Amino acid sequence: MRAAAIAQPNIALIKYWGKRDVGRNLPAVGSISITLHELFTEMEVQLDGSLAGDQLTVNGAPDAGLLPRLSDCLDRVLGDDRDPARIQSRCNFPIAAGLASSASAFAALTVAAAAAAERSLETYELASLAGRASGSAARSLYGGFVELENRRDDIAVRTLRAATEWPLTVVIAITASGPKAVGSTEAMEISRKTSPFYSSWIEQQPHDLTIAREAIQQKDFAKLAAVSEHNCLKMHSIMWASRPPVVYWNSATMSCLQTIRELQAQGLGVFFTMDAGPQVKAVCVPEHAAQVGEALGGTDGVVDLMQSGLGEGARRTKMP
Ligand code: DP6
């Protein structure tokens, strides 16, 4: 009744923003992401009937704040007549700062919980369950370039291309390390209810997905760069135009975009994307990663840098 699993966060290139069914947490649009390699969340789940309730530690410290969402996820995977669980989470990057920590957390938790209860579920079933906890988590069940299709009754997730077939590098410029002020779940609802651009976003997403899918199939970096940057800026424009406006960027975010534009003008293979936080993710061809890292590291307001290749989907690990 004890198992562990590891999952990597993923970075969306064509973004999930908005829900069509809030209760079931079904996205309003499909999305395409890349699963990272170096960043991880590892979850250990021990089911223990002698506990009074679920318990959670994150990097060794008790954390009651995150527990309710994790408990709900366990109920969905195991049924609400399950035994209480002792959950231990280890994460090697900042949590709730726009680095997709919920994606890797819920993907790892779903796999570990099913294994602890000796339930053998297919990857697509685990993805659907993880997606109910956090939409982006469904994509972390798969590695490489991943598409989440928005089907009528559920989601369907698949790998479009393995990480080894097109090994891009992601340099992450950390411009603030604290947790974000508005969570993505809440910000999506503000966008859906108040942004005048929301309906155009929904209409245009199938087109962006088609272009990105083609770019990945053709390994066409320039094409993937153009559609990904455009899609990211559209998502942030929706938020900027909502009431109240949701602005995740800080001045260093803007400076990083300027740096990336300069690198592009010099002919480097790099493009930017940003999520629900001020961090800038620079996706680049591996041979330009060192130069990209150096330029972003020297950009005003960048407090830290991380770098990652592309990795695999969530999987079970041996117990420590
Ligand atoms: C900007 O998956 O965190 O990172 O389903 O409400 O938990 P919930 O949202 P979440 O949102 C991710 C938003 C994004 C874009 C993306 O990852 O596609």
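Solvent-accessible surface of region 30-118, taken per residue with a 1.4 Å probe and all protein chains present: 38 Å². Note on region 192-262: with neighbouring protein chains present and a 1.4 Å probe, carbon and sulfur make up 57 percent of its accessible heavy-atom surface. For Lys219, a cut-off of 20 angstrom between C-alpha atoms picks up these lysines, skipping any fewer than 8 places away in its own chain: Lys15, Lys281. Which percent of the accessible area of region 59-175 is formed by carbon and sulfur heavy atoms (probe 1.4 angstrom)? It is 45 percent, rounded to a whole number.
Structure remark: mean-square fluctuation, Gaussian network model of the chain, C-alpha springs under 10 Å; the largest value among Asp300, Asp81, Asp220 belongs to Asp81. Once you sort the root eigenvalues of the Cα gyration tensor of the chain as a ≥ b ≥ c, which label holds: rounded (a/c under 1.5), prolate (a/b larger than b/c) or oblate (the other case)? It is prolate, given that a/c is not under 1.5 and a/b is the larger ratio. Mind giving me the FRET efficiency for Arg151 and Val247? R0 is 35 Å, r the Cβ-Cβ distance, nearest 0.05 is fine. Using R0 = 35 Å, I get an efficiency of 0.60. Taking Ser184, Ser228, Ser33 in turn, the Gaussian network model of the chain (Cα-Cα springs below 10 Å) assigns the largest fluctuation to Ser184.
Sort region 230-320 into rounded, prolate or oblate with this rule: let a ≥ b ≥ c be the square roots of the eigenvalues of the Cα gyration tensor; rounded if a/c is under 1.5, and if a/c is not under 1.5, prolate when a/b is larger than b/c, oblate otherwise. It comes out oblate by the Cα gyration axes. The 3J(HN,Hα) values that the Karplus relation (6.51, -1.76, 1.60; θ = phi - 60°) gives for region 199-206 are, in residue order, 5, 5, 4, 4, 5, 7, 4, x Hz. Gly and Pro appear as x.
Among Thr273, Val22, Thr110, flag the residue with its Cα farthest along the positive direction of the charge dipole of the chain, charges on Cβ as +1 for Lys/Arg and -1 for Asp/Glu. Checked the options; the winner is Val22. Ligands, DNA and RNA aside, Trp17 has an accessible area near 10 Å² when probed at 1.4 Å.
Checking the a/c ratio against 1.5 first, then a/b against b/c, what shape does the Cα gyration tensor give for region 162-320? Rounded is the answer for region 162-320, as its axis ratio a/c remains below 1.5. In the chain, the longest principal axis of the Cα atoms and the axis of helix 251-265 are about 60 degrees apart.
Backbone amide hydrogens, once placed in the peptide plane, bring Ile174 within less than 5 Å of Val303, Asp304, Leu305, Met306, excluding anything fewer than 5 places away on its chain. Once the piece of chain linking Val303 and Asp81 is laid out straight, how much longer is it, given 0.36 nm per residue of separation minus the C-alpha distance between them? Result for the pair: 75.4 nm of gain on full extension. A straight chain from Gln258 to Thr210 at 0.36 nm per residue would run longer than the Cα-Cα distance by 14.5 nm. Charge dipole of the chain (Cα centre as origin; +1 on each Lys and Arg Cβ, -1 on each Asp and Glu Cβ, all else neutral): 420 debye, rounded to the nearest 20. Could you give the distance between the Cα centres of region 258-320 and region 60-103, to the whole Å? Cα centres, region 258-320 to region 60-103: 27 Å.
Considering only Ile32, Asn10, Cys91, and ranking their Cα positions along the charge dipole of region 1-93 that arises from unit charges at the beta-carbon of Lys, Arg, Asp and Glu, the one farthest toward the positive end is Ile32. Using the average count of surrounding beta-carbon atoms within 10 Å as a protection proxy, the listed peptides 244-257, 263-276 rank, highest first, as 263-276, 244-257. The relative contact order of the chain, computed from alpha carbon pairs under 8 Å that lie at least 6 residues apart in sequence, is 26 percent. Considering helices alone, the calculated mean residue ellipticity of the chain at 222 nm is -11500 deg cm²/dmol, with DSSP H runs of length four and up weighted by -39500 (n - 2.57) and normalised per residue.
Average accessible surface for region 122-214: 44 Å² per residue, computed with a 1.4 Å probe over protein heavy atoms with every protein chain in place. Placing Arg192, Arg213 in order of accessible area, with the largest value first and a 1.4 Å probe, yields Arg192, Arg213.
Electrostatic tally near Ala12: other residues with Cβ closer than 12 Å to its Cβ, Lys and Arg +1, Asp and Glu -1, net 0.
The values are calculated or read from the model by the stated rules, or taken from the named source; none is laboratory data. Not measured: the values here are computed from a predicted model. Note that we place each Cβ from the backbone using ideal geometry, even for glycine, and neighbour counts take in every protein chain shown. Accessible surface is based on the protein model in full, side chains and every heavy atom, while ligands, DNA and RNA are left aside. Shrake-Rupley method; radii C 1.70, N 1.55, O 1.52, S 1.80 Å.
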